[in-house]
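One structure is given here, and the rest of the page talks about it.
The values are calculated or read from the model by the stated rules, or taken from the named source; none is laboratory data. From a predicted model like this one, the values you see are computed outputs, not experimental measurements. With ideal geometry, Cβ positions are generated from the backbone for all residues, glycine too; neighbour counts draw on all protein chains shown.
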């Protein structure tokens with residue numbers, strides 16, 4: 001045993017010496033400037049991390065499939081500057097530790113050109129530094145957190161969703177105009193989603209009469225809803241995720257509490273909430289106010305909805321066309337637009353410069369904000385109200401900033417899809 | 001090399017104390033049943049190689065009740081200094097692994113680092129479950145207890161010097177050890193399903209604690225922190241992943257070395273004595289409660305180190321990373337790797353890191369229509385993973401380690 005060990009050490013030491021000599025020359029970065037990772041003359045490899053399994057999979061798992069379907073549609077029509085887009089989707093199960101691993105796999109192993117639409121604040125928040133160190137474009141993060149709009153700290157990262165402050169300012173503006181003199185309260189999630197939303201509401205309305213919050217791990221919201229009722233709140237602004245919007249409405253009904261509910265776009269659309277509330281949905285959702293920045297997936301008259309529905313039918317196995325499908329298609333469309341703008345000589349720098357130049361027009365109801373010192377996505381939302389079992393847009397879209405700027409109507413109208421539904425440069 | 005008898009010890013074993021009256025002399029106690037197929041089934045409960053040596057001669061003979069109950073009491077017959085031998089093996093293996101880190105790409109180094117992290121946690125869990133017969137479904141929480149202090153200390157110190165990291169990791173280990181002592185004191189009084197339930201509650205409490213005190217722990221989003229890059233003396237282009245792999249593997253080496261010595265010491269023998277028969281152990285003068293608490297503390301320290309290094313790999317901590325799934329995965333890894341000896345930890349760690357990508361790879365070749373594909377995306381690898389687990393557990397109840405031991409034994413015999 002001893003002799004065996006000694007021999008082993010000797011062999012290992014010899015090997016170590018040989019390896020360290022070999023290693024000294026090995027560690028310099030290879031392919032510096034010569035080639036762009038993930039890009040060839042005929043392909044562009046892009047990756048994403050999504051919750052395909054686990055607690056966040058319901059609904060969200062449809063996003064990346066829709067984006068992929070749109071890319072396949074573009075590829076079938078010749079790709080972008082002759083390059084076909086390959087979209088590698090990896091599952092992180094909404095587990096930040098798993099995100100760490102799979103994003104390293106995408107960047108270090110698969111050598112993707114960019115990470116596109118990584119989903120979730122806690123998940124994606126953990127890989128920002130890694131992506132920055134490796135100079136990987138981190139585009140259109142699927143979150144409205146202000147974390148993803150820090151151009152000086154994370155110059156590679158661009159958000160996509162409307163940020164929570166902006167949206168709640170638009171919601172609060174609607175409340176101010178439509179329900180003047182009513183007692184307004186706030187109920188939100190106890191993280192940056194809730195904090196940012198409250199900040200937006202209070203910027204427009206001043207301090208609210210009462211505020212309550214919840215933790216996503218505790219599904220009993222009766223104490224909070226009871227407190228809102230006791231405080232005599234007439235209008236409640238919600239910063240809740242979809243299941244908790246449904247819980248809140250249901251709990252209020254159980255407590256015999258009637259009020260006007262105004263929910264963030266994060267808190268679910270008509271279809272999503274109806275599915276959760278079941279039979280009681282039409283009654284509970286009547287009058288519910290929410291907002292959004294993309295056309296309704298149910299609006300057949302909208303040319304974008306029609307375009308994406310057709311793509312969904314042909315390239316996505318004609319799965320149910322819902323808000324998340326629409327969202328995924330919009331991500332794909334915006335990315336193709338950015339690639340077109342970056343030109344034929346695609347590099348990571350040229351792509352990010354193209355996005356910072358901004359001026360993207362797409363399916364959204366409001367313009368995107370991208371510029372050199374603003375890396376957040378949509379600049380506002382449009383209010384919709386559920387009436388008689390139908391969700392209908394109200395008024396025009398409104399845009400604002402994340403500070404104390406005014407909430408202003410956006411009247412330029414939405415863009416129409418280009419020929420064939422593929423952006424050109 | 002000696003022909004090591006390797007009896008499998010199933011976790012069910014520890015349920016015996018509560019469920020059935022102690023039957024130390026009966027080789028067919030319920031917990032032992034799965035080992036029936038192995039030729040070594042009648043050997044004493046030599047969960048570690050040392051005891052295996054003792055059993056070598058008796059492996060094929062009739063069971064010896066005295067030996068069975070007191071296997072731990074028999075001094076291992078081995079010449080030379082155990083610590084020195086283990087040190088030599090560790091250094092030898094360490095050199096080989098360091099060479100390996102130069103030969104593989106950064107992502108493989110990251111995977112190697114993850115294996116290293118699990119190698120800090122799993123040996124302690126094997127010590128607790130395999131050697132001492134206590135079950136813990138709460139080691140994910142102990143890892144969290146090791147991880148959060150790292151983030152908090154790094155942020156407090158600035159995190160830009162190497163010694164900051166050392167302090168942070170030590171803070172993590174100490175916190176986890178203290179928490180382990182508290183849980184251990186409660187656990188020492190519980191057996192079987194009650195112990196599983198209590199530790200499960202600890203695991204489930206992590207997200208609740210972090211969201212309740214979100215001012216400190218950052219709620220669901222957790223905390224991220226800065227980390228000093230690899231020392232510049234290693235070269236300008238020294239990949240950070242290789243540095244992480246070194247840190248994690250150093251932690252693993254220290255853990256393995258300490259625990260390998262511990263299980264061969266007097267303490268290791270008392271651990272096994274308590275597992276096999278608490279009454280007999282108490283009669284032999286062993287303070288049963290103290291040993292059980294100590295086992296928990298030792299294993300918590302390992303979990304704390306693993307958790308701290310896990311945070312170093314991710315450069316962030318969040319409750320999602322230390323949830324119930326992690327705790328269950330750890331349990332699963334040691335069952336899969338083999339509870340019979342510390343080597344099972346190596347197989348378990350490799351399985352935790354490699355099985356999922358392998359399942360991904362195995363399912364990639366299947367072609368489905370778009371909507372089926374969409375439904376299976378992400379779930380099919382999980383199913384393959386699950387099936388693989390079931391197959392391994394039914395065909396090799398002693399885990400991979402038992403399987404390997406059996407294979408090498410057969411090879412040697414045929415020679």
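Quick look at the numbers
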quantity	calculated
Residue that is under 16 Å from the mean Cα position of the chain (by Cα), buried (at least 24 other Cβ atoms within 10 Å of the Cβ) and either in contact (Cβ under 8 Å) with a residue 12 or more places away in the chain or under 27 Å from residue B:402 (Cα atoms) (or both), where the choices are B:321, B:245, B:300, B:273	B:300
Restricting the range A:51-63 to residues that are more than 8 Å from every other protein chain (Cβ to nearest Cβ) and touching a residue at least 24 places away in the same chain (Cβ under 8 Å), the residue that is surrounded by the fewest Cβ atoms within 10 Å (Cβ to Cβ)	A:55
Which listed residue, of A:319, A:381, is under 21 Å from residue A:271 (Cβ atoms), in a loop (DSSP other than H, G, I, E, B) and in contact (Cβ under 8 Å) with a residue 60 or more places away in the chain	A:319
Residue in the range A:241-255 that is in contact (Cβ under 8 Å) with a residue 60 or more places away in the chain and either outside any loop (DSSP other than H, G, I, E, B) or farther than 26 Å from residue A:396 by Cβ (or both) present	yes
Scan of the range A:73-94 for residues that are crowded, with 20+ Cβ neighbours inside 10 Å and within 14 Å of another protein chain (Cβ to nearest Cβ), ordered by number	A:73, A:87, A:89, A:90, A:91, A:92, A:93, A:94
Strands (runs of 3 or more DSSP E) completely within the range A:136-228 that count 3 or more residues being crowded, with 22+ Cβ neighbours inside 10 Å and in contact with a strand residue (DSSP E or B) (Cβ under 6 Å, 6 or more places away or on another chain)	A:138-141, A:157-159, A:184-189
Residue under evaluation residue B:351, criteria (1) buried (at least 18 other Cβ atoms within 10 Å of the Cβ); (2) at pLDDT 85 or above; (3) within 12 Å of chain A (Cβ to nearest Cβ); (4) at negative phi, criterion not met	(3)
Residue check, residue A:150 farther than 24 Å from residue A:342 by Cα and either modelled with pLDDT of 90 or more or more than 14 Å from chain B (Cβ to nearest Cβ) (or both)	no
One residue from B:78, B:85 being out of contact with any strand residue (DSSP E or B) (no Cβ under 8 Å at 6 or more places or on another chain), facing chain A (nearest Cβ under 9 Å), in a loop (DSSP other than H, G, I, E, B) and modelled with pLDDT under 90	B:78
Residue identified as in a helix (DSSP H, G or I) and either surrounded by fewer than 24 Cβ atoms within 10 Å (Cβ to Cβ) or under 22 Å from the mean Cα position of the chain (by Cα) (or both) among B:230, B:226, B:311	B:311
